[in-house]
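**Student:** Can you read through this structure? Questions will come right after.
The values are calculated or read from the model by the stated rules, or taken from the named source; none is laboratory data. Bear in mind the structure is a predicted one, so any value in this text is a computation, not a measurement. Cβ sites come from the backbone with ideal geometry, for glycine too, and all protein chains shown count toward neighbours. We work out accessible area using only protein heavy atoms, side chains counted, and drop any ligands, DNA or RNA first. Shrake-Rupley method; radii C 1.70, N 1.55, O 1.52, S 1.80 Å.
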Amino acid sequence: MESKRISAAEMAVQKEYIQKIAEKMPKSRPLAFVETYGCQQNVSDSEKIKGMLSQMGYGFCERTEDADLVLYNTCAVRENAELRVFGNIGALKHQKRRKPELKIILCGCMMQQEHIAKAIRQKYPHVDLVFGTHALYRFPELLYQVMEEDARIFDVKNEDGSIFEEIDYHRDPKPLAKIPIMYGCNNFCTYCIVPYVRGRERSRDAEDILREVQEVADLGYREVMLLGQNVNSYGNDRKDGMDFATLLQKVCKVDGIERVRFMTSHPKDLSDALIDVMAEEEKICKQLHLPVQSGSNRILGLMNRKYTKEDYLHLVSKVKAKMPEIVLTTDIIVGFPGETDADFEETLQILKEVEYDTIFSFIYSKRVGTPAAEMPDVMDEEQKHRNFDRMLSVQNEISKRKNDAYVGTVQTVLAEGVSKNNPDTLTGRTEGGKVVNFAAPDSLIGEFVKVKITKSQTWSLFGEWIKER
Ligand code: SAH
Ligand code: SF4
Ligand code: F3S
């Protein structure tokens, strides 16, 4: 067993706290409101938090007004995510005054930053409990202390990252299950806060991962998403010789799981072996999220991304050669310190050359403590926004053209649920991860169905369910 794993004895202590809280629960089931910001990793952490809360005896509600406990699992990757959290906790002040027994809890990446924890301590006295990513496994103990001592508790120490098992998730409904395979990041891209708030890379034991995949398969989940900040470096910190390509092959052998996806792949670590496994294994969805961030070698250097535009394009051509049907997506940062219009033009060029299906683009946001925060900026905010808008219009045209090519084809879609925009239709995804909306009975949720694509938009497809399967 690797030393980064929290011991079974320690987890047993935490389970005792869950039990102690459960014993004190009032007969009328109290309700928890849990809101999650940020990436799938955080969503997965929240599934663990909800697992703990539900074992303590909490039910869940959709509005803070109905809640006895409000918990925000926060993200620090950009300033706007942080501002929303501050706005939300500010708004809870009156609620706490009306209902003093309401517990207000903040956790996640944002809380792992010293200046944030300090601001909460000073300016938001109605917050009861604050803990960082490293203290997640101690949540039962911390909540028990808050309840018993009626004190405010802050547990935001910077620790070596750990892994904890033995806690049941309260998972999002079928058919998609999120399975973290590793935590943390070692890459230190100069703009990014993640390595500071999540700690160093650590990989879960393959046996634990496979056991969990089997568990969700037995529960009726059909698709798994393997999660890590850089899944390609899975196993680098272990001594058992496991790497991501081998792990993927093992995951594909689990009966009941029909589709396997993963996120995120850092271009510097995408090996030929992995591309081969992707191409060979039928269950692996032919979809790859490969963040490029910028098309300018000068900016990529300043970002510490460790590849050039040429390396990246070569990688994409290898992927396309092995999997012509691949759906490619990426992340782009606009307005990184020192980026000029000429650098930005090179990013547009990459979009035109690769022809991504979708991009996720962000205006650079300064993060306290990262190297880029100290780098000189040459572009004003208005110009950054103009470039950002121009990039979207270039990409929207590409995305629409790519989606148009699906019209008339028949796609296998895993029906995920009722469409948010139209309660009469179901929504699901193709193997490539494209969203498809189609009219069909609710009983098909969780099933693979054939859908003939009849209409396309920039972000989604529409189709007709073909009854005979
Ligand atoms: N580990 C993943 C994702 C990390 S965060 C990866 O390496 O790709 C998701 C995205 O947020 C990043 O890909 C990047 O495009 C964006 N991002 C990270 N820090 C940012 C910052 N300071 N400002 C703007 N965007 C940022
Ligand atoms: Fe951030 Fe880079 Fe790590 Fe991704 S690889 S989490 S962008 S430091
Ligand atoms: Fe945000 Fe933390 Fe994920 S900073 S993007 S929630 S790892």
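**Student:** Scanning for something within 16 Å of ligand 1 (Cβ to nearest atom) and open to solvent by 30 Å² or more (accessible area, probe 1.4 Å), does the range 210-233 turn up at least one residue?
**Tutor:** There is at least one residue in the range 210-233 that is within 16 Å of ligand 1 (Cβ to nearest atom) and open to solvent by 30 Å² or more (accessible area, probe 1.4 Å).
**Student:** Would you check if there is a residue in the range 277-286 being within 16 Å of ligand 2 (Cβ to nearest atom) and either at positive phi or open to solvent by 10 Å² or more (accessible area, probe 1.4 Å) (or both)?
**Tutor:** no
**Student:** Can you say whether Val378 is touching a residue at least 40 places away in the same chain (Cβ under 8 Å) and within 16 Å of ligand 3 (Cβ to nearest atom), as far as the supplied structure shows? Please lay out each step first, then the result.
**Tutor:** On the way: touching a residue at least 40 places away in the same chain (Cβ under 8 Å): yes; within 16 Å of ligand 3 (Cβ to nearest atom): no.
Criteria not met by Val378.
**Student:** Here's another thing I want to ask about it. Any residue at all in the range 234-252 that's within 26 Å of Ile359 (Cα to Cα), open to solvent by 40 Å² or more (accessible area, probe 1.4 Å) and either assigned by TED's automatic domain parsing to the domain that holds Ile179 or free of Cβ contacts under 8 Å to residues at least 60 places away in the same chain (or both)?
**Tutor:** Within the range 234-252, none of the residues are within 26 Å of Ile359 (Cα to Cα), open to solvent by 40 Å² or more (accessible area, probe 1.4 Å) and either assigned by TED's automatic domain parsing to the domain that holds Ile179 or free of Cβ contacts under 8 Å to residues at least 60 places away in the same chain (or both).
**Student:** Could you check the range 293-307 and list, in sequence order, the residues that are farther than 12 Å from Glu346 by Cα and not in a helix (DSSP H, G or I)?
**Tutor:** The answer is Asn304, Arg305, Lys306, Tyr307.
Results for (1) farther than 22 Å from Ala151 by Cα; (2) among the polar types (S, T, N, Q); (3) without any contact (Cβ under 8 Å) to a residue 60 or more places away in the chain; (4) touching a Lys or Arg at 6+ places or on another chain (Cβ under 7 Å), shown as yes or no for each residue.
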residue	(1), (2), (3), (4)
Ser7	yes, yes, yes, no
Ile21	no, no, no, no
Glu35	yes, no, yes, no
Gln40	yes, yes, no, yes
Ser54	yes, yes, no, no
Arg63	yes, no, yes, no
Cys75	yes, no, yes, no
Asn80	yes, yes, no, no
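**Student:** Let me ask you something else. For the range 99-114, does any single residue satisfy the condition of being assigned to a helix (DSSP H, G or I) and closer than 20 Å to Tyr364 by Cα?
**Tutor:** yes
**Student:** Could you tell me whether the range 299-314 includes any residue that is more than 27 Å from Lys400 (Cβ to Cβ), surrounded by 15 or more Cβ atoms within 10 Å (Cβ to Cβ), free of Cβ contacts under 8 Å to residues at least 12 places away in the same chain and touching a strand residue (DSSP E or B) at 6+ places or on another chain (Cβ under 9 Å)?
**Tutor:** Checking the range 299-314: at least one residue is more than 27 Å from Lys400 (Cβ to Cβ), surrounded by 15 or more Cβ atoms within 10 Å (Cβ to Cβ), free of Cβ contacts under 8 Å to residues at least 12 places away in the same chain and touching a strand residue (DSSP E or B) at 6+ places or on another chain (Cβ under 9 Å).
**Student:** Sort out which residues of the range 366-394 are out of contact with any strand residue (DSSP E or B) (no Cβ under 9 Å at 6 or more places or on another chain), open to solvent by less than 50 Å² (accessible area, probe 1.4 Å) and not aliphatic (A, V, I, L, M), and write them in order of number.
**Tutor:** Arg367, Thr370, Gln383
**Student:** Looking at the range 317-342 only, could you name the residues that are open to solvent by 10 Å² or more (accessible area, probe 1.4 Å) and in a helix (DSSP H, G or I)?
**Tutor:** Ser317, Lys318, Lys320, Ala321, Lys322, Asp341, Ala342
**Student:** Against the conditions (1) in a helix (DSSP H, G or I); (2) over 25 Å from Met263 (Cβ atoms), where does Val127 fall short? Just the number, please.
**Tutor:** Among (1) in a helix (DSSP H, G or I); (2) over 25 Å from Met263 (Cβ atoms), Val127 violates only (1).
**Student:** Between residues in the range 132-147 that are outside any helix (DSSP H, G or I) and residues that are open to solvent by 30 Å² or more (accessible area, probe 1.4 Å), which pairs lie under 9 Å by C-beta distance while being six or more apart or on different chains?
**Tutor:** Pairs found: Gly132/Val156; Gly132/Lys157; Gly132/Asn158; Gly132/Glu159.
**Student:** Continuing with this model, one more query. On the basis of being within 16 Å of ligand 3 (Cβ to nearest atom), on the phi < 0 side of the Ramachandran plot and either without any contact (Cβ under 8 Å) to a residue 24 or more places away in the chain or among the hydroxyl-bearing types (Ser, Thr, Tyr) (or both), does Tyr191 make the cut?
**Tutor:** yes
**Student:** If I go through the range 57-80 residue by residue, how many of them are farther than 19 Å from Asp128 by Cα, of a type in the set (Gly, Ala, Ser) and either away from ligand 3 (no atom under 12 Å from the Cβ) or in contact with a Ser or Thr (Cβ under 9 Å, 6 or more places away or on another chain) (or both)?
**Tutor:** Result for the range 57-80: 2.
Table: residues versus (1) among the small types (Gly, Ala, Ser); (2) within 16 Å of ligand 1 (Cβ to nearest atom); (3) in the same structural domain as Asn73 (by TED's automatic domain parsing); (4) open to solvent by 10 Å² or more (accessible area, probe 1.4 Å).
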{"position": "Glu114", "(1), (2), (3), (4)": "no, no, yes, yes"}
{"position": "Lys123", "(1), (2), (3), (4)": "no, no, yes, yes"}
{"position": "Gln145", "(1), (2), (3), (4)": "no, no, yes, yes"}
{"position": "Glu148", "(1), (2), (3), (4)": "no, no, yes, yes"}
{"position": "Ala177", "(1), (2), (3), (4)": "yes, no, no, no"}
{"position": "Tyr191", "(1), (2), (3), (4)": "no, yes, no, yes"}
{"position": "Val194", "(1), (2), (3), (4)": "no, yes, no, yes"}
{"position": "Val197", "(1), (2), (3), (4)": "no, yes, no, no"}
{"position": "Arg200", "(1), (2), (3), (4)": "no, yes, no, yes"}
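**Student:** A follow-up question, please. Among the residues of the range 34-70, count how many are more than 16 Å from ligand 1 (Cβ to nearest atom), open to solvent by 20 Å² or more (accessible area, probe 1.4 Å) and not in a loop (DSSP other than H, G, I, E, B).
**Tutor:** 9
**Student:** Restricting to the range 150-171, count the residues that are in a loop (DSSP other than H, G, I, E, B) and either buried (at least 17 other Cβ atoms within 10 Å of the Cβ) or not acidic (Asp, Glu) (or both).
**Tutor:** Here the count works out to 12.
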